[in-house]
Amino acid sequence: MKEHTKLAHAGRHPSDHNGAVNVPVYRASTILFPTMEEFANRSDPSVKIRYALRGTPTSFALEEALTALEGGHNTVLAPSGLQAITMALMAFVKSGDHVLVTDSTYAPTRNFCNQVLANLGVETEYYDPLIGAGIKDLLRDNTTVVWTESPGSHTFEVQDIPAISKAAHEVGAVVMIDNTWSGGYYLKPLSLGADISVHAITKYVGGHSDLMMGAMICNEKTYDRLKTVAGLFGNFASPDDVTLALRGFRTIGVRLPRHFESAMTVAKWLQNRPEVTRVLHPALPDDPGHELWKRDFTGASGLFGFVINTEDRKKISAMMDGWKLYGMGSSWGGYESLLIPAWPADNRTVTDWQTDGQLLRIHVGLEDPEDLIADLEAGFDRLNAA
Ligand SMILES: *Cc1c(COP(=O)(O)O)cnc(C)c1O
């Protein structure tokens, strides 16, 4: 099945639901069994539905859909993207282990490693996101997880997932990637060697800024353990939110190309602005990550960064406080555009972030790019006048 057909059909079983196109919302807790024997045997693997915490046809539908999208073995859902990250890590570490985490990672991932894993006796070592095959020098006998994120949060470095995976597998480490940026549509990390593709479904799969959810798409090697540990933690995703996520899933294939195209238009316009010193977007030919991006990704999403030639708070506030279209807030991946300042140097420990001005992170939504550019132009006028 080709990609758009999968997006339209994966996870749907109309004949199981009176012909309904979409899987109904199973809002449930107790699942009743007709006989004592069936109740007593409810933990048998052949019994798929035993308690709503363990899944219902609603959650199975989204798991199936995401698994199909990324070519995985199976998927575990989580109540948020961050919970998916922490769940995946918890499933593959024990006291005395060593994990390698990219220095460009989403800051809450770092906070979890430093504040929770550290207390459990798990050592986290950060590495240069551009390390590639060189990661072999950092791998130890007790390295159980290599955490990647590509492109990196705020700074957009593209990682060499095949090279990192190959080296990590030589010591038996599990390779995990935060694949939120690509929406699972533009990058298929399991086919590049990663073992678990972790997502904030909150972002592009949700797509409408109205839900929180995470997912861990696993290969065969990792699924059983992750599913078991997530179950031990009581991990769960709400059926109402799963339903919204399924709705978003059906249209990724039309939304993401629009984000991609509009973001490229805006990025190229920004490259020609005198106030902009750098645009961080791997789909631009002069981006340092462009070759790897071209090799591994089939497109780019609407999220990228740019650096402006001032760090003057007053000037930047004048620019940021007057947007007509851009919103300022955490998260991204909805239909609407966002623009925020970012300070990635605070979240680096082994690599430098050169501050040649203020970094701004933009999410290009589904609006007309001409309007988005006009809003930016007015913003630069305010910056220059302040
Ligand atoms: C937002 C985000 C997350 C966390 O997702 P939540 O659903 O907000 O918990 C994880 N990784 C990346 C790269 C993100 O941008």
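Of note:
- Residue check, GLY19 assigned to a loop (DSSP other than H, G, I, E, B), small (Gly, Ala, Ser) and open to solvent by less than 40 Å² (accessible area, probe 1.4 Å): no
- Evaluation of LYS324 against (1) touching a helix residue (DSSP H, G or I) at 6+ places or on another chain (Cβ under 6 Å); (2) open to solvent by 70 Å² or more (accessible area, probe 1.4 Å); (3) under 22 Å from ILE201 (Cα atoms) (one fails), failing number: (3)
- Any pair with Cβ under 8 angstrom, 6 or more apart, that starts in segment 323-340 at a residue that is without any contact (Cβ under 8 Å) to a residue 24 or more places away in the chain and ends at one that is small (Gly, Ala, Ser): GLY327/SER337; ILE340/GLY329; ILE340/SER330
- Filtered residue count, segment 147-177, keeping only those that are under 13 Å from LEU303 (Cβ atoms) and touching a Gly at 6+ places or on another chain (Cβ under 8 Å): 4
- Within segment 195-216, residues that are within 12 Å of MET176 (Cα to Cα) reach partners that are more than 8 Å from the ligand (Cβ to nearest atom) and assigned to a loop (DSSP other than H, G, I, E, B) with beta carbons closer than 6 Å, at six or more positions or on different chains, in the pairs ASP195/ASN219; SER197/ASN179; HIS199/ASN179.
- Boolean, LEU82 is within 21 Å of the chain's Cα centre (by Cα) and away from the ligand (no atom under 16 Å from the Cβ): no
- Taking (1) modelled with pLDDT of 95 or more; (2) assigned to a loop (DSSP other than H, G, I, E, B); (3) open to solvent by 80 Å² or more (accessible area, probe 1.4 Å) in turn, PRO24 satisfies each apart from (3).
- Filter pass, THR351 being farther than 30 Å from LEU256 by Cβ, open to solvent by less than 40 Å² (accessible area, probe 1.4 Å) and assigned to a loop (DSSP other than H, G, I, E, B): no
- Some residue of segment 53-65 being among the basic types (Lys, Arg), free of Cβ contacts under 8 Å to residues at least 12 places away in the same chain and open to solvent by 40 Å² or more (accessible area, probe 1.4 Å): no
- Given (1) in contact (Cβ under 8 Å) with a residue 24 or more places away in the chain; (2) closer than 28 Å to TYR204 by Cβ; (3) hydrophobic (A, V, I, L, M, F, W, C); (4) in a helix (DSSP H, G or I), index of the condition ALA374 fails: (1)
- If only residues of segment 86-129 that are in contact (Cβ under 8 Å) with a residue 40 or more places away in the chain and open to solvent by 40 Å² or more (accessible area, probe 1.4 Å) are counted, the one that is farthest from the ligand (Cβ to nearest atom) is GLY96.
- Checked against the criterion of being among the polar types (S, T, N, Q), under 16 Å from the mean Cα position of the chain (by Cα) and crowded, with 20+ Cβ neighbours inside 10 Å, the candidates SER209, SER150 yield just one match: SER150.
- In this entry, MET216 passes the filter for residues that are touching a Ser or Thr at 6+ places or on another chain (Cβ under 9 Å), surrounded by 24 or more Cβ atoms within 10 Å (Cβ to Cβ) and within 21 Å of PHE60 (Cβ to Cβ).
- Only one entry in GLY289, GLY329 is within 15 Å of the ligand (Cβ to nearest atom) and either within 22 Å of ALA107 (Cα to Cα) or of a type in the set (Val, Ile, Thr) (or both), namely GLY329.
The values are calculated or read from the model by the stated rules, or taken from the named source; none is laboratory data. No experiment lies behind these values; they were computed from the predicted model shown. FYI the Cβ positions are ideal-geometry reconstructions off the backbone, even for glycines, and counts take in every protein chain you see. Please note that ligands, DNA and RNA were not included when accessible areas were found on the heavy atoms of the full protein model with its side chains. Shrake-Rupley method; radii C 1.70, N 1.55, O 1.52, S 1.80 Å.
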